[in-house]
Each structure stands twice: as structure tokens, then as C-alpha cells.
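Visitor: Handing you this structure, nothing more for now.
The values are calculated or read from the model by the stated rules, or taken from the named source; none is laboratory data. The structure presented is a predicted model; accordingly, all values stated were derived computationally and were not measured. Heads up, the Cβs are rebuilt from the backbone with ideal geometry, glycines too, and the neighbour counts pull from every protein chain shown. Just so you know, the surface numbers come from the protein's heavy atoms only, side chains and all, with ligands and any DNA or RNA stripped out. Shrake-Rupley method; radii C 1.70, N 1.55, O 1.52, S 1.80 Å.
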Amino acid sequence: MRDRAAVRDARRAQEFGGFVAGAATRLLHTATLLTAEAPDANPRARRLLTRALAHTYAHWDHPPGDDPYDRARGHLATGFARAPRHRSRPHGPLAALTPRERLVLVLRLYEGLADEQTAALLGLPIERVHALCDRATATVLHPPPRPAPRAAGHLMRRLQP
């Protein structure tokens, strides 16, 4: 009996290892987009991915037809949505978005989920997903102007006669 369990566990670990080898890079990129961290300095994204993969492995014995990538992406999205907000400054073109706008935009445009799938995954009405996606897209395409640094304003006042 122990031999069967050992063989099953070894097969499970091998299957999961193959899944991680094929999907981890894309899932890490998704997590990095969600956290709006720099691609080369993304500790929050890596922690988010690690938790999502651990949860996926814990439920690896999935029913036939259940896609492990969809499950891992779902854990990634819900983990991000439920995570406490950190005071780190986001980077890149998604930095101006709220966390929920980033989540919807990444799921819709980067991951290619349909409105219905995104709404179901996040527990939101489809109309709310549309509104968040539209607002996020508008913000990315037409970012708000950045305020001048306070020190520069002080310096400009000193230079005026």
C-alpha cells in the first residue's frame, strides 16, 4: 500500500513540476503586472505566485477537464484581490491604476479572459467589469499629468523676481 502511495506522490510531483516549468514564467509576469512592480525587483509578485502555486499543488488531484493553469490564475487573482495593500510605489504604465483596475485589466487584456469569466472569478457584475476595464484602459492610454515635485516648485518661487 505504501508503494502505491509513493508512486502516486512521485507521479503527482512530476506532473506538477512539468506544469510549473511550462506556466511559471507567464504566471510570474501576470503577478508582476498585478503588483505593478519592476520586472527585475518583484518580491510581492513572487510571494503571490508562490502562494498560488502552493494552493494549486494542494488541490492538484483535479477532476478531469479542470485546467490547472486556470486554477493557478484564479488563485493568483483572488490572492491579489484579498491581499492587504502595501505602501510600495508601483512602477510602469499600470502604476496609475487602482489595484482592482489593474486586476481587471490584466485578466481581460493580458490573460485574455472574457468579461463573463472575469466577473465570475472576481464575484463582480459584468457591468462593473466593463466599467473598470474601460476606466483602466482610458487611464493607461491617457495618463493623468504628474504633479511637479515640491522642491522644484520651491526653487521656481525663489528664482522669480
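Every residue, every condition in (1) assigned to a helix (DSSP H, G or I); (2) exposed (fewer than 13 other Cβ atoms within 10 Å of the Cβ); (3) among the polar types (S, T, N, Q), yes or no:
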residue: R51; (1), (2), (3): yes, no, no
residue: R71; (1), (2), (3): yes, no, no
residue: T78; (1), (2), (3): yes, no, yes
residue: E101; (1), (2), (3): yes, no, no
residue: L105; (1), (2), (3): yes, no, no
residue: R108; (1), (2), (3): yes, no, no
residue: L124; (1), (2), (3): no, no, no
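Visitor: Can you list residue pairs whose Cβ atoms sit under 7 Å apart, with the first residue in segment 1-19 being within 22 Å of P68 (Cα to Cα) and the second being surrounded by 10 or more Cβ atoms within 10 Å (Cβ to Cβ) and at pLDDT 90 or above? Count only pairs 6 or more apart in sequence or on different chains.
Guide: Filtered contacts from segment 1-19: F16/Y57; F19/P68.
Visitor: Something else about it: Looking at this structure, is A23 open to solvent by less than 30 Å² (accessible area, probe 1.4 Å), closer than 24 Å to V140 by Cβ and of a type outside the set (K, R)?
Guide: no
Visitor: Looking for whichever is modelled with pLDDT of 95 or more and within 11 Å of the chain's Cα centre (by Cα) here; the options are A52, A21. Which one fits?
Guide: A52
Visitor: Let me ask something else. Do we have any residue at all in segment 86-94 that's modelled with pLDDT under 90, among the hydroxyl-bearing types (S, T, Y), more than 27 Å from G17 (Cβ to Cβ) and surrounded by fewer than 16 Cβ atoms within 10 Å (Cβ to Cβ)?
Guide: yes
Visitor: Can I ask one more? Give the residues of segment 53-69 that are in a helix (DSSP H, G or I) and hydrophobic (A, V, I, L, M, F, W, C), sorted by residue number.
Guide: Across segment 53-69, the qualifying residues are L53, A54, A58.
Visitor: Shifting gears a bit: Mind checking whether some residue in segment 57-69 is open to solvent by 30 Å² or more (accessible area, probe 1.4 Å) and at positive phi?
Guide: Restricting attention to segment 57-69, the residues satisfying the condition of being open to solvent by 30 Å² or more (accessible area, probe 1.4 Å) are 57-59, 61-67, 69.
Still in the list and also at positive phi: 65.
For segment 57-69, residues open to solvent by 30 Å² or more (accessible area, probe 1.4 Å) and at positive phi: present.
Visitor: Related question: Check A114, A138, A120 and return the single one that is of a type in the set (G, A, S), more than 20 Å from A24 (Cα to Cα) and open to solvent by less than 40 Å² (accessible area, probe 1.4 Å).
Guide: Details: A138 fails: open to solvent by less than 40 Å² (accessible area, probe 1.4 Å); A120 fails: open to solvent by less than 40 Å² (accessible area, probe 1.4 Å).
On inspection, the qualifying residue turns out to be A114.
Visitor: For segment 80-99: of the residues being part of a loop (DSSP other than H, G, I, E, B) and of a type in the set (G, A, S), which is nearest to H142 (Cα to Cα)? Full working, then the answer.
Guide: Of all residues in segment 80-99, those part of a loop (DSSP other than H, G, I, E, B) come to 83-98.
Still in the list and also of a type in the set (G, A, S): 83, 88, 92, 95-96.
Values: A83: 28, S88: 23, G92: 14, A95: 13, A96: 10 Å.
That would be A96.
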